[in-house]
Amino acid sequence: MKVTLYGLPGSHPVRSARLMLEYKGIDYKNVDVFPVVTRFVIPHVLRFPNNRVPAMKIDGEKVQGSLEISRKLEQVKPEPPLFPADPAKRAAVEQAERWGDSFQQLPRTIIWWAFKHAPADDQASFLRGAKLGLPAGLLARTGQPIVWGGCKLNNSSDEQVERILSEIPAALDKVDALIAEGVINGDQLNAADFQIAPTVRLLLAFEDLRPLIESRPAGAFAERVQPKPPGNITKIFPEQWLEPLRKPVAA
Ligand SMILES: N[C@@H](CCC(=O)N[C@@H](CS)C(=O)NCC(=O)O)C(=O)O
């Protein structure tokens, strides 16, 4: 089986795809594309149907999107399974996976705002290990047009970032609930684990958010499923934007 995974450094759904390939024991070639440029390269050069990553070629067939990738991998290599055999359990995993797909947008919006406001070294920290043809420090220091584009494409305005920060506690409550219900973080990992953990992991990259997440089941879960990926954002958010996150965790 010949597999190429196209992604961009630091992308959490790309990490989901990588985790699933590794879990299945499928060898693959990783190709990093520069953010924002992906929007042109993926559909117009590589001829995928839409402009997002993860995008995967598997024996010449194009599969795009983390949900499509989980299903394709299950089809080409059923063992170990990404979905439970029991229909009710499978439905719960699929539902959690779909929720995880929308949960992705929370860190996606705030990280572009952070790249605009944080030191260039923070941005460079996400490029560690990526193969983009130039040193990470240089890319981060000259990447202002990319960051501007990322903020525009993800609507990363002050108002939007403040609103998203206030939504994080409810989203983490949902992750904690899925763990308590046994849908994720079981003995046997599944597609929803690989979908959700990288998003929590990306939230953990923010020094402002880390202490509020680490103490939760969601924090330990993310650390279990995805050993620490590169990337760190130093304290960056105005104090008042973080107040909603400091309220006690729901019992
Ligand atoms: N829900 C989709 C998300 C795809 C997506 O939005 N990916 C982002 C990276 S996290 C992307 O391709 N961005 C292109 C860019 O920023 O240039 C999935 O899970 O596959």
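Compute the signed sum of charges (Lys and Arg +1, Asp and Glu -1) over the other residues within less than 14 Å, Cβ to Cβ, of ASN51.
+4
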Practice prompt. Using a/c under 1.5 as the rounded threshold, could you call region 54-139 rounded, prolate or oblate? The axes a ≥ b ≥ c are square roots of the C-alpha gyration tensor eigenvalues, and prolate needs a/b larger than b/c, oblate otherwise.
Written response: oblate
Item to complete: Specify whether the C-alpha gyration tensor of region 106-251 places it in the rounded, prolate or oblate class, a ≥ b ≥ c being the square roots of the eigenvalues: rounded for a/c under 1.5, otherwise prolate if a/b is larger than b/c and oblate if not.
Response: oblate
Worksheet item: Per q in 0.13, 0.26, 0.31 1/Å, what log10 I(q)/I(0) does a Debye calculation on the alpha-carbon atoms of region 117-162 return?
Response: -0.33, -0.97, -1.12
Discussion item. At a 10 Å Cβ-Cβ cut-off, how would you order ARG39, ARG163, fewest neighbours first?
Written reply: ARG163, ARG39
Practice prompt. Counting other beta carbons within 10 Å of each Cβ, put VAL36, VAL53, VAL76 in order, fewest first.
Written response: VAL76, VAL36, VAL53
Item to complete: Largest first and to the nearest Å, give the Cα extent of region 1-116 along each principal axis.
Response: 45, 32, 22
Worksheet item: For the chain, what is the largest minus smallest coordinate of the Cα atoms on each principal axis, given in angstrom and ordered from greatest to least?
Response: 49, 47, 26
Practice prompt. Sort 199-206, 214-221 for me by packing, meaning the mean count of neighbouring Cβ atoms within 10 Å per residue, highest on top.
Written response: 199-206, 214-221
Worksheet item: Which listed residue (GLY10, PRO238, LEU204) has the Cα farthest towards the positive end of the charge dipole for the chain, taking +1 on Lys and Arg C-beta and -1 on Asp and Glu C-beta about the Cα centre?
Response: GLY10
Worksheet item: When the chain is fully extended, how far beyond the present Cα-Cα distance does ARG210 get from LYS2, taking 0.36 nm per residue of separation?
Response: 71.1 nm
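Just so you know, all these numbers are worked out from the coordinates, no wet-lab data involved. Because the structure is a prediction, the values reported are computed rather than measured. When we count neighbours, we look across all protein chains shown, and the Cβ atoms used for this are built from the backbone with ideal geometry, even at glycine.
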